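The values are calculated or read from the model by the stated rules, or taken from the named source; none is laboratory data. Here the structure is a predicted model, which is why all the values come from computation and not from measurement. Note that each Cβ is placed from the backbone with ideal geometry, even for glycine, and that neighbours are counted across all protein chains shown.
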Amino acid sequence: MARLSRERLSRGLFILPTLFTVGNLFCGYLSIWCTIRGTFEIAAVLIVAAAVLDALDGRIARMTNSTSEFGEEYDSLADLVSFGVAPAVLAYSWGLADFDRLGWMASFLFVVCGSMRLARFNIQTHVVDKRYFVGLPIPAAAGTVATIVLATPERLVSRMWMAGLLGLTFLLSFLMISTIRYRSFKDLDLKRRRPAWILPAIAIAFMVIAYRPELALATVVLVFVASGPVGKLVGFFRRREPVSPASP
């Protein structure tokens with residue numbers, strides 16, 4: 001009887017991360033449906049919700065020791081829908097449709113580069129430095145589109161903003177397949193002693209998020225997207241600095 005109970009428990013723990021992955025996939029599918037109906041704000045919220053579920057499923061799998069090759073592959077398929085197809089459809093319907101062929105080519109390129117980013121991540125999980133992502137993670141690219149839509153949910157009418165979205169879509173596509181490194185924050189130690197200014201900074205951040213959550217989220221995501229190229233440039237100029245000769 002006890003053995004049967006343990007088997008049922010282990011089976012339940014194995015299913016739990018999969019339920020979060022299914023929830024991620026459902027949010028992505030529902031986001032596409034909402035975009036088709038023209039409810040862009042809800043579609044963007046669903047992409048953000050999918051990102052939260054995606055962040056939880058892997059952690060729950062590790063906590064319950066229920067990680068599996070099936071779970072990893074299924075998670076990637078769900079991510080392609082929620083963070084590849086859904087934001088591409090949202091970007092096209094929200095601000096790229098007026099560009100006609102160029103608009104759908106940009107949105108399709110986002111899907112292609114997102115799928116390549118996921119495939120590369122799957123084969124490099126045991127090779128790369130865990131402290132960094134190689135290329136912009138696809139949830140961050142999708143989150144950039146979603147949070148910008150949340151900040152201004154009405155369909156774009158200004159040609160200038162449409163051109164900006166077009167350029168951003170191409171840029172995000174390139175960053176996903178680039179070799180630019182982004183911090184994963186997996187090595188963040190919350191137990192380690194922190195400077196005194198950390199707590200006030202966190203309090204201010206929560207106040208800003210509570211006051212204008214959509215703008216705060218967009219700012220956080222855009223800062224993360226920019227952190228990779230900025231870090232690359234800083235490293236490039238540091239390497240070019242002449243080394244001062246040692247004093248005798």
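Scanning region 44-66 for residues that are in contact with a Pro (Cβ under 8 Å, 6 or more places away or on another chain) and more than 22 Å from Gly84 (Cβ to Cβ) gives Ile60, Thr64, Ser66. The C-beta contact set for region 21-44 (first residue touching a residue at least 24 places away in the same chain (Cβ under 8 Å), second residue acidic (Asp, Glu) and part of a helix (DSSP H, G or I), distance under 6 angstrom, 6+ apart or interchain) comprises Thr21/Asp57; Thr21/Asp75; Asn24/Asp54. The residues of region 157-171 that are in a helix (DSSP H, G or I) and small (Gly, Ala, Ser), listed by number, are Ala163, Gly164, Gly167. Residues in region 119-139 that are in a helix (DSSP H, G or I), surrounded by fewer than 17 Cβ atoms within 10 Å (Cβ to Cβ) and of a type in the set (A, V, I, L, M, F, W, C): Ala119, Ile123. Mind checking whether some residue in region 101-110 is in contact (Cβ under 8 Å) with a residue 40 or more places away in the chain, assigned to a helix (DSSP H, G or I) and closer than 23 Å to Ser184 by Cβ? Checking region 101-110: at least one residue is in contact (Cβ under 8 Å) with a residue 40 or more places away in the chain, assigned to a helix (DSSP H, G or I) and closer than 23 Å to Ser184 by Cβ. The numbered conditions (1) small (Gly, Ala, Ser); (2) farther than 17 Å from Ser31 by Cα; (3) touching a residue at least 60 places away in the same chain (Cβ under 8 Å) are all true for Gly143 except (2). Confirm whether Phe70 is of a type in the set (Phe, Trp, Tyr) and more than 17 Å from the chain's Cα centre (by Cα). Against the criterion (of a type in the set (Phe, Trp, Tyr) and more than 17 Å from the chain's Cα centre (by Cα)), Phe70 qualifies. Residue check, Met116 against (1) in contact (Cβ under 8 Å) with a residue 24 or more places away in the chain; (2) over 20 Å from Ala218 (Cα atoms); (3) buried (at least 17 other Cβ atoms within 10 Å of the Cβ), all met but one. Which one? So Met116 meets the others, but not (3). Would you be able to say whether some residue in region 140-153 is touching a Lys or Arg at 6+ places or on another chain (Cβ under 9 Å) and surrounded by fewer than 22 Cβ atoms within 10 Å (Cβ to Cβ)? Looking for residues that are touching a Lys or Arg at 6+ places or on another chain (Cβ under 9 Å) and surrounded by fewer than 22 Cβ atoms within 10 Å (Cβ to Cβ), one finds at least one in region 140-153, hence yes.
So which residues in region 73-95 are surrounded by fewer than 17 Cβ atoms within 10 Å (Cβ to Cβ) and either farther than 16 Å from Gly114 by Cα or among the hydrophobic types (A, V, I, L, M, F, W, C) (or both), if there are any at all? Within region 73-95, Leu77 is the sole residue that qualifies. The one condition from (1) out of contact with any Pro (no Cβ under 6 Å at 6 or more places or on another chain); (2) assigned to a helix (DSSP H, G or I) that Ala142 does not meet is (1).
Quick check: is even one residue across region 56-71 touching a Leu at 6+ places or on another chain (Cβ under 8 Å) and surrounded by fewer than 15 Cβ atoms within 10 Å (Cβ to Cβ)? Yes, region 56-71 contains at least one residue that is touching a Leu at 6+ places or on another chain (Cβ under 8 Å) and surrounded by fewer than 15 Cβ atoms within 10 Å (Cβ to Cβ).
For region 31-42, enumerate the residues that are surrounded by 19 or more Cβ atoms within 10 Å (Cβ to Cβ) and either under 20 Å from Asp75 (Cα atoms) or not hydrophobic (A, V, I, L, M, F, W, C) (or both). Scanning region 31-42 gives Ser31, Ile32, Thr35. Just to be sure, is Val134 more than 13 Å from Gly95 (Cβ to Cβ), modelled with pLDDT under 90 and within 15 Å of the chain's Cα centre (by Cα)? Considered against the rule, which asks whether it is more than 13 Å from Gly95 (Cβ to Cβ), modelled with pLDDT under 90 and within 15 Å of the chain's Cα centre (by Cα), Val134 comes out as yes.
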